[in-house]
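*Asks:* Handing you this structure, nothing more for now.
The values are calculated or read from the model by the stated rules, or taken from the named source; none is laboratory data. Only a predicted model underlies this, so the values are computations on that prediction, with no experimental measurement involved. Here the Cβ is made from the backbone with ideal geometry for all residues, glycine too, and neighbour counts use every protein chain on show.
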Amino acid sequence: MMADADTRSVRASMAGEIKSFFIKGPAGKLEALLNAGKPNATHSALVCHPHPMFGGTMHNKVVYHAMKALNGFGFPVLRFNFRGAGLSQGEHDQGRGETEDVRAALTWLKREFGLPIVFAGFSFGAAMGLRAACPDRDVRAVISLGTPVHADDRSYSYSFLRECAKPKLFISGGRDQYGPRDELNTLVASAAEPKRLIIVNEADHFLEGHLPEMRTAIEQWIRGLQLVPSA
């Protein structure tokens, strides 16, 4: 009964409201937040957080600002904690099961709103989420923030982007310690069109001090895709 009550309260949300609840994940319940959208929303959105083993949660600043950018268009925006983070059940799975967590969140959005989806992820959230979002026919555009290439003893592969024909926006800092500029340029060059890479020259991986620039870049890109009616 609790799950049904949570679902009813989310459906009854008014624009601007924030709802806290759980969604069903493959390793147990996933703690989630929904920033409610407008009744005439054209899309819904999902934003995924950075590595949970290094303090990443859905409350991360980059994730929050990405959510605000998308919610500003009236999109309902879902955030959630990966397995083992916050109040989410399960244990960290070294990136194997986390892509399935993203798929569970996308499934929830489809069931609740039945709208095309915009995906955004930061760092680990981008690496995991792109794998789930690119082949999903209901995801119409993807945003990768601080795309990680190497992080400590972890390396990330994005060969699947060669077949990802959805509009893609990459935003990274010019001093990103986990996505060196030359390697990021190579990664983006190998991805299918359409795509856009924005480098915030003075920023590091966390875009500290440059989050308004990131938010503006997301907003301008969404407008350019004509995903929302012109004002």
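*Asks:* Of the numbered conditions (1) under 21 Å from PRO116 (Cβ atoms); (2) touching a Ser or Thr at 6+ places or on another chain (Cβ under 7 Å); (3) surrounded by fewer than 15 Cβ atoms within 10 Å (Cβ to Cβ), PHE170 satisfies every one except a single condition; which is it?
*Replies:* Every listed condition holds for PHE170 apart from (3).
*Asks:* Find the residue count for segment 59-83, including only residues that are in a helix (DSSP H, G or I) and β-branched (Val, Ile, Thr).
*Replies:* 2
*Asks:* Would you be able to say whether some residue in segment 88-110 is in contact with a His (Cβ under 6 Å, 6 or more places away or on another chain) and either modelled with pLDDT under 95 or part of a loop (DSSP other than H, G, I, E, B) (or both)?
*Replies:* Checked segment 88-110: no residue is in contact with a His (Cβ under 6 Å, 6 or more places away or on another chain) and either modelled with pLDDT under 95 or part of a loop (DSSP other than H, G, I, E, B) (or both).
*Asks:* Same structure again: Given the criteria modelled with pLDDT of 95 or more, of a type outside the set (Phe, Trp, Tyr) and within 23 Å of LEU184 (Cα to Cα), does ALA132 qualify?
*Replies:* yes
*Asks:* Any idea which of ALA104, ALA120 is surrounded by 16 or more Cβ atoms within 10 Å (Cβ to Cβ), hydrophobic (A, V, I, L, M, F, W, C), more than 10 Å from SER44 (Cβ to Cβ) and in contact with a helix residue (DSSP H, G or I) (Cβ under 8 Å, 6 or more places away or on another chain)?
*Replies:* Answer to the check: ALA120.
*Asks:* So which residues in segment 206-231 are without any contact (Cβ under 8 Å) to a residue 12 or more places away in the chain, under 25 Å from ASP138 (Cβ atoms) and in a loop (DSSP other than H, G, I, E, B), if there are any at all?
*Replies:* Those that are without any contact (Cβ under 8 Å) to a residue 12 or more places away in the chain, under 25 Å from ASP138 (Cβ atoms) and in a loop (DSSP other than H, G, I, E, B): GLN226, SER230.
*Asks:* While we're looking at this one, here's another question. Please go through segment 139-153 and pick out each residue that is farther than 28 Å from LEU115 by Cβ and touching a residue at least 12 places away in the same chain (Cβ under 8 Å).
*Replies:* PRO148, VAL149, HIS150, ALA151 - these are the residues of segment 139-153 that are farther than 28 Å from LEU115 by Cβ and touching a residue at least 12 places away in the same chain (Cβ under 8 Å).
*Asks:* Which residues, counting only those in segment 126-159, are more than 21 Å from LEU227 (Cβ to Cβ) and crowded, with 24+ Cβ neighbours inside 10 Å?
*Replies:* Scanning segment 126-159 gives ALA127, MET128, GLY146, THR147, PRO148.
*Asks:* I want to confirm something. Restricting to segment 43-58 and keeping residues that are part of a loop (DSSP other than H, G, I, E, B) and not β-branched (Val, Ile, Thr), which single residue is surrounded by the fewest Cβ atoms within 10 Å (Cβ to Cβ)?
*Replies:* If we take residues in segment 43-58 being part of a loop (DSSP other than H, G, I, E, B) and not β-branched (Val, Ile, Thr), then GLY55 is surrounded by the fewest Cβ atoms within 10 Å (Cβ to Cβ).
*Asks:* Still on this model: Is it true that some residue in segment 189-210 is of a type in the set (Gly, Ala, Ser) and crowded, with 20+ Cβ neighbours inside 10 Å?
*Replies:* Yes: segment 189-210 contains one or more residues that are of a type in the set (Gly, Ala, Ser) and crowded, with 20+ Cβ neighbours inside 10 Å.
*Asks:* Mind checking which residues of segment 104-131 are more than 11 Å from the chain's Cα centre (by Cα) and over 20 Å from ALA36 (Cα atoms)?
*Replies:* Listed by number, the list holds a single entry, ARG131.
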